[in-house]
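A short write-up of the structure that comes next.
The values are calculated or read from the model by the stated rules, or taken from the named source; none is laboratory data. Computed from a prediction, not measured in an experiment: that's the story for all the values here. Positions of Cβ are generated from backbone atoms using ideal geometry, with glycine treated the same way; all protein chains shown enter the neighbour counts. Note: areas computed on protein heavy atoms with side chains; ligands, DNA, RNA excluded. Shrake-Rupley method; radii C 1.70, N 1.55, O 1.52, S 1.80 Å.
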Amino acid sequence: MPESLDTALAQHAYRIDERTRTFLDRQHQLLIGGGWVAPREGGTIDVIDPATAQHIATVAAATAPDVDDAVAAARKAFERGAWPAMSGGARAKLLWALADRIGADAQVLGELETLDNGKPLADTLAIDIKVGAELLRYMGGWATKLKGDSTQIGDPGDFQAYSLREPIGVVGQIIPWNFPLLMALLKIGPALAAGCTLILKPAEQTPLTALRLGALALEVGFPPGVINILTGYGETAGAALAAHPDIDKIAFTGSTEVGRRIVAAAAGNLKRVSLELGGKSPMIVMPDADVDAVIAGVVPGIFFNAGQSCMAGSRLLVHDSLAQHITQGIAARARAIRVGSGFDPRTQVGPLVSQTQRERVQSYIQSGLDEGARLVTGGERLPGDGFFLTPTVFADVHATMKIAREEIFGPVLCISRFAGTDLDHIARLANDTPYGLAASIWTQNISTAHTLIPKLKSGQVWVNAHHVGGPDLPIGGYKQSGWGRELGRAGVELYTELKAVAIALKKPADWLQLKG
Ligand code: NDP
């Protein structure tokens with residue numbers, strides 16, 4: 001174990017569970033074919049605690065030969081052995097067992113996630129782990145309910161016709177660092193429910209909970225090769241997965257830029273692709289909104305997870321009549337947010353995930369200043385080595401500014417005003433972005449809400465709330481925010497192929513004689 005783990009823990013003033021320490025101390029390898037194996041080319045990745053900048057663990061860096069091995073193991077598990085012979089009910093039991101095992105291991109998973117990503121331990125336990133385990137249980141339910149339809153073709157009695165839903169095959173899943181465990185569960189749950197086998201690649205910054213998840217999956221008895229986990233870099237392991245000729249589908253969450261690369265790489269064997277990409281989600285405040293509810297709701301809408309959420313409400317479009325009052329209220333709340341170590345129970349917002357990410361966010365803040373936006377509060381680093389940044393609010397942001405157009409992925413809110421109540425005009429402002437992931441409308445007028453909802457080009461629309469959802473509510477994006485929908489029935493069906501079957505019940509008419 002790196003000695004710097006103790007330095008990190010001393011700075012956090014936190015004593016980790018012995019099981020967490022033992023896990024960190026492991027020589028981390030790749031999960032391929034039901035066993036832990038060393039990477040063929042021997043590469044490693046240093047795992048850094050973003051709150052202290054200390055090196056806390058070292059994991060393996062998979063490369064193309066490891067991807068070949070993992071794909072071969074996943075293919076074998078998909079075609080032969082226990083997994084394809086298993087009923088939906090048996091798959092559901094395994095998913096439930098994994099959810100229970102995650103619940104029992106919550107303290108360790110939570111500590112790993114907080115050390116690795118920086119997010120507050122209370123959030124990790126209440127959201128990432130609890131919601132993630134529920135998601136697996138929900139997806140387990142679908143394992144017994146995937147079915148096609150029966151239909152009629154020709155005259156009744158001539159044919160028996162129906163469709164079948166079948167697992168798509170071997171899937172590659174590439175996930176980001178903002179919700180490492182939750183994102184892993186969101187990806188593996190539907191794939192396993194559908195009967196696929198998979199290779200999961202977590203982000204280089206946050207590999208620890210995926211490795212722990214792999215160990216738990218082995219413990220509960222997933223057959224060898226069904227779940228393979230490759231820690232590694234995107235440009236090597238990720239790119240090899242996206243291009244691999246024996247992978248049937250790639251599921252990706254991350255930046256729109258990398259999403260485009262995935263699509264290009266997948267073209268070789270025309271594998272199926274689903275993408276959950278970036279966002280620049282508007283929060284629209286109408287003149288009749290409940291001001292206190294807006295202030296209480298939009299602050300977590302942007303600052304939850306330090307703004308590192310694809311659905312973060314990063315643009316606040318507020319009616320002129322409320323703009324000053326709401327801006328002041330939000331700024332006061334933003335200043336009161338406690339930023340610090342995720343292990344301090346009083347912390348509400350942790351560090352950004354990496355030095356690179358903080359620099360990227362700070363460069364956006366500088367661009368906002370350069371382009372004339374008004375910095376109301378925030379934009380400061382905290383003293384020390386961690387990658388902390390105080391919650392930042394810009395007012396007087398114009399639609400043409402870079403901070404209004406590009407995904408910042410950090411704790412930065414951009415406030416713009418609008419005049420009037422023409423809903424077509426307001427929808428045009430909200431839709432004026434290449435993205436279309438989420439939007440919230442703040443109004444007390446039910447007619448305004450219902451009229452505006454269909455005008456928004458957005459995969460999710462919330463009214464008087466932001467960032468809400470559940471396992472049965474699909475998520476995904478319009479425009480450049482992605483392809484496909486995750487969660488709900490749509491999310492499981494992403495991992496299936498639809499097969500049409502027609503069976504002649506009578507001797508068919510002689511086709512040549514009919515033509516004659
Ligand atoms: P990326 O999109 O680069 O990373 C997401 C995942 O893709 C990671 O596992 C990464 O691997 C992998 N990856 C990177 N390059 C390739 C490739 N060529 N082929 C296959 N996989 C690849 O996000 P970043 O971490 O670089 O963050 C940059 C920006 O992306 C953020 O500022 C934010 O705007 C956006 N983002 C959006 C997210 C969302 O949920 N929509 C989540 C994360 C980021 P590795 O990390 O190992 O390189």
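Take the convex hull of the alpha carbons in the chain; its mean projected area over all directions comes to 27.8 nm². Just check the stretch 234-302 against the gyration tensor rule for me: Cα atoms, a ≥ b ≥ c as the square roots of the eigenvalues, rounded for a/c under 1.5, and otherwise prolate or oblate depending on whether a/b exceeds b/c. Since a/c reaches 1.5 and a/b is larger than b/c, the shape of the stretch 234-302 is classed as prolate. Backbone amide hydrogens, once placed in the peptide plane, bring PHE418 within less than 5 Å of VAL318, HIS319, ASP320, excluding anything fewer than 5 places away on its chain. If you plug the beta carbon distance of TRP511 and GLU41 into 1/(1 + (r/R0)^6) with R0 = 45 Å, you get a FRET efficiency near 0.15. A simple spin-label model places the labels of ASP288 and ARG405 3.6 nm from each other, with each point 7 Å out along Cα-to-Cβ.
A simple count of charges around LYS271, restricted to other residues whose Cβ falls under 9 Å of its Cβ and scoring Lys, Arg +1 and Asp, Glu -1, yields +1. Extension gain for GLU79-GLU380 works out to 102.9 nm (0.36 nm per residue, less the C-alpha to C-alpha distance).
Placing R0 at 25 angstrom, the Cβ-Cβ distance between ALA502 and TYR478 gives a FRET efficiency of 0.10 after rounding to 0.05.
Among beta bridges from DSSP that stay inside the chain, the antiparallel ones total about 45%. Extending each Cα 7 Å along its Cβ direction at GLU166 and ASP370, get the distance between those two points in nm, one decimal. Distance between label points: 5.5 nm. Calculated FRET efficiency, ALA296 to VAL263, Cβ-Cβ distance, R0 = 35 Å: about 0.35 to the nearest 0.05. Residues in the stretch 129-163 near a label at GLN107, defined as backbone nitrogen under 17 Å from the 7 Å Cα→Cβ point? From the stretch 129-163, the list is 129-130.
With K and R counted +1 and D and E -1, the other residues having a Cβ less than 12 Å from that of LYS76 yield a net charge of -1. In order along the stretch 470-487, the phi-based Karplus estimate (6.51 cos²θ - 1.76 cosθ + 1.60, θ = phi - 60°) of 3J(HN,Hα) comes to x, x, 9, 9, x, 10, x, x, 7, 6, 7, 8, x, 10, x, 10, 9, 6 Hz; Gly and Pro are listed as x.
This model, with +1 at the C-beta of Lys and Arg and -1 at the C-beta of Asp and Glu, gives the stretch 219-266 a dipole about its Cα centre of some 160 debye.
Look at the dipole of the chain built from charges on Cβ: of THR231, GLN152, GLY477, the Cα furthest out on the positive end belongs to GLN152.
As a rough guide to protection, the peptides 421-433, 315-327 ranked by mean Cβ packing within 10 Å, highest first, stand as 315-327, 421-433. How far is the Cα center of the stretch 436-488 from the Cα center of the stretch 1-22, in Å? So the two Cα centres are separated by 41 Å. Electrostatic bookkeeping for GLY342 treats Lys and Arg as +1 and Asp and Glu as -1; over the other residues with beta carbon under 9 Å from its beta carbon, the sum is -2.
Over the stretch 221-380, Cα pairs under 8 Å with separation of 6+ residues give a relative contact order of 15 percent. Across the chain, the relative contact order, built from alpha-carbon pairs under 8 Å that are at least six residues apart, equals 17 percent. Backbone phi angles across the stretch 228-244, fed through the Karplus curve with coefficients 6.51, -1.76 and 1.60 (θ = phi - 60°), yield HN-Hα couplings of 10, 10, 10, 7, x, 8, x, 5, 9, 5, x, 5, 5, 5, 4, 8, 4 Hz in residue order; Gly and Pro are listed as x. In order along the stretch 88-95, the phi-based Karplus estimate (6.51 cos²θ - 1.76 cosθ + 1.60, θ = phi - 60°) of 3J(HN,Hα) comes to x, x, 5, 5, 4, 4, 5, 5 Hz; Gly and Pro are listed as x. Near THR377, the amide H atoms lying under 5 Å from its own belong to VAL393; only residues 5 or more places off or on other chains count, and H is placed 1.01 Å from N. For the cross-link pairs LYS187/LYS280; LYS201/LYS280; LYS76/LYS119; LYS130/LYS479, the ones whose C-alpha atoms lie over 29 Å apart are LYS76/LYS119; LYS130/LYS479.
Here the accessible area of the chain is 53 percent carbon and sulfur, with a 1.4 angstrom probe and all protein chains present. Amide H contacts for GLY459 (H built 1.01 Å from N in the peptide plane; partners 5 or more residues away or on another chain; cut-off under 5 Å): LEU437, ALA438, TYR478.
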